[in-house]
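The values are calculated or read from the model by the stated rules, or taken from the named source; none is laboratory data. It should be emphasised that the depicted structure is a prediction, and the values quoted were computed from it without experimental measurement. All Cβ positions, glycine included, derive from the backbone under ideal geometry; neighbour counts span all protein chains shown.
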Amino acid sequence: MSDTAAAIRSRPRQVCVLGSAEPGSQAYELAAAAGELLATLGITVVSGCGSPATRVAAERALGAGGTVVSIVPSDDIGLEDWPCSVLIPCGMGDARNLLMALAGDACLVIGGRAGTISEVCLAWLHHRPLLPLTGCGGWSDQLERNPPDERGNSPILPWGSVEELRTRLLELGFVEV
């Protein structure tokens, strides 16, 4: 195996956290727990931190010693209050949704609004596994029953608890037994 191939294999998995949920909701609490879980498993969290749910996932991942990459829509490298290890200001506004969809080996979907739907559709088009939170309302609740289209581009692996999320990550081969 070449040194390059070995380096690629040893790259930590990356999971994008997409969606929205308000503080105090069950989805918000599960977003926080998911961020912490990803960090403890050595998975890099990719987040735009634009919603309370994605921000708390990033904060909890950092608090657990994890790495967080944040891709923000603005061109401002001087963002002081952004919870991240690496800040990528893309200056592309909503077009950064493609970067979010592509930056993960899989995408965690929590609740969500129109921006989340666009990220999910882009992830689907580019064959990224989708991990929608179910049982908490929002758009992610419908994803398994109503995928972006009929092609079956990627697996849709729903979860409703941190234990189920761990199982899904194991199924994807992101976690060693």
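A few comments on the model shown:
- Gly112, sole failed condition from (1) of a type outside the set (A, V, I, L, M); (2) crowded, with 18+ Cβ neighbours inside 10 Å; (3) at pLDDT 95 or above: (3)
- Each residue in the range 63-112 was checked for being at positive phi and among the β-branched types (Val, Ile, Thr), and 0 pass.
- Qualifying residues in the range 1-41 (those that are in a helix (DSSP H, G or I) and among the polar types (S, T, N, Q)) - the one modelled with the lowest pLDDT: Thr4
- Residue count, the range 141-171 (criterion: within 17 Å of the chain's Cα centre (by Cα) and part of a loop (DSSP other than H, G, I, E, B)): 8
- Long-range neighbours under 8 Å by Cβ, at least six apart or interchain, first residue of a type in the set (Lys, Arg) within the range 159-177, second surrounded by 13 or more Cβ atoms within 10 Å (Cβ to Cβ) and modelled with pLDDT under 95: Arg166/Val175
- Complete set of residues in the range 68-86 that are without any contact (Cβ under 8 Å) to a residue 40 or more places away in the chain and over 13 Å from Gly50 (Cβ atoms): Val68, Asp75, Asp76, Ile77, Gly78, Glu80, Ser85, Val86
- When residues of the range 42-66 are limited to those that are assigned to a loop (DSSP other than H, G, I, E, B) and among the small types (Gly, Ala, Ser), the one surrounded by the fewest Cβ atoms within 10 Å (Cβ to Cβ): Gly65
- The set of residues in the range 96-139 being under 21 Å from Pro23 (Cα atoms), part of a helix (DSSP H, G or I) and either among the basic types (Lys, Arg) or in contact (Cβ under 8 Å) with a residue 12 or more places away in the chain (or both) consists of Gly115, Thr116, Ile117, Trp139.
- The residue that is nearest to the chain's Cα centre (by Cα), counting only those in the range 7-58 that are over 19 Å from Gly138 (Cα atoms) and without any contact (Cβ under 8 Å) to a residue 24 or more places away in the chain, is Arg11.
- Candidates Pro89, Pro129 - the one that is buried (at least 18 other Cβ atoms within 10 Å of the Cβ) and either touching a strand residue (DSSP E or B) at 6+ places or on another chain (Cβ under 8 Å) or under 18 Å from Ala32 (Cβ atoms) (or both): Pro129
- Filter result for Pro83 (crowded, with 19+ Cβ neighbours inside 10 Å, farther than 22 Å from Trp139 by Cα and touching an Asp or Glu at 6+ places or on another chain (Cβ under 8 Å)): yes
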